[in-house]
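First up is the structure itself, then whatever we jot down about it.
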Amino acid sequence: MPSVGGSDAPPLIGVLALQGDFEAHGRVLARLGARVREVRVVADLDGLAGLVIPGGESTTITLGVEREGLAEPIAALVREGLPVFGSCAGLIMLDHEHLGLMDIRAERNAFGRQVRSFEADLELAGVSGGPMRAIFIRAPWIAEHGPDVEVLADLDGHPVAAREGRMLAVAFHSEIAGDDRLHELLLDWARELAAAGVSWVTPESTGESVSE
Ligand code: GLN
């Protein structure tokens, strides 16, 4: 449940750290002045102001999420308004068939069945500062989405970046291209909510959180 208790401390952002390129996200967030916590168990969700779900393998991440009982607590927090940013496999995790948080259906490995990686310069709606270097690594695209989903960019006619409230999903990696603007957006949302005095407590938390 959101509770009142704003703070001037830098926002504490969790990075789901079961598999994938979570360290790269942590480096970007730290560079932007956030406090960063790697999330591996439910207690690590306690007190977060935002969450990043990194790229990797959505099948492996799903297994880890199930093993640790993280799906429900993550879903509950995000439904309560915890800002979330999913990149590549993280986009897949946010869709109907995984955590069921965004009104999207992701098509895995959508750019070809073979291992396929490429880069593109993408203009994202609402993100100023010119095109973003986007690195696609066996990337999904958004095959279907509901009316509340705002498509921020598409490629070959397929949505590859989208926003729904304070949930952001992109099919590519910006964290390894040195572009910090998407993480900045997540931090802006986290700061906005902190300024409004909103914070979250996970009901299942044991209070035993790992070091930041
Ligand atoms: N192909 C991966 C999957 O389906 C996603 C790849 C990535 O995150 N770079 O989960």
Seminar exercise, completed: The residues Ser117, Ser174, Ser128, sorted from fewest to most surrounding Cβ atoms within 10 Å, come out as Ser128, Ser117, Ser174
Seminar exercise, completed: Protection proxy (average C-beta count within 10 Å per residue), highest first, orders 62-68, 18-24 as 18-24, 62-68
Exercise. What's the FRET efficiency of Glu107 with Thr59 using the Cβ-Cβ distance as r and R₀ = 25 Å, to the nearest 0.05?
Worked result: 0.95
For this session: Kindly put Val15, Val149 in sequence by how many other C-beta atoms sit within 10 Å of each C-beta, fewest to most.
Result: Val149, Val15
Exercise. Which parts of segment 84-109 would a label at Glu192 reach, counting a residue when its backbone N lies under 17 Å from a point 7 Å out along Cα-to-Cβ?
Worked result: 84-86
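Rule-based calculations on the coordinates, nothing more; no lab input. Since we're looking at a predicted model, the values are computed, not measured. Quick reminder, even Gly has a Cβ in these numbers, built from the backbone with ideal geometry, and neighbours come from all protein chains shown.
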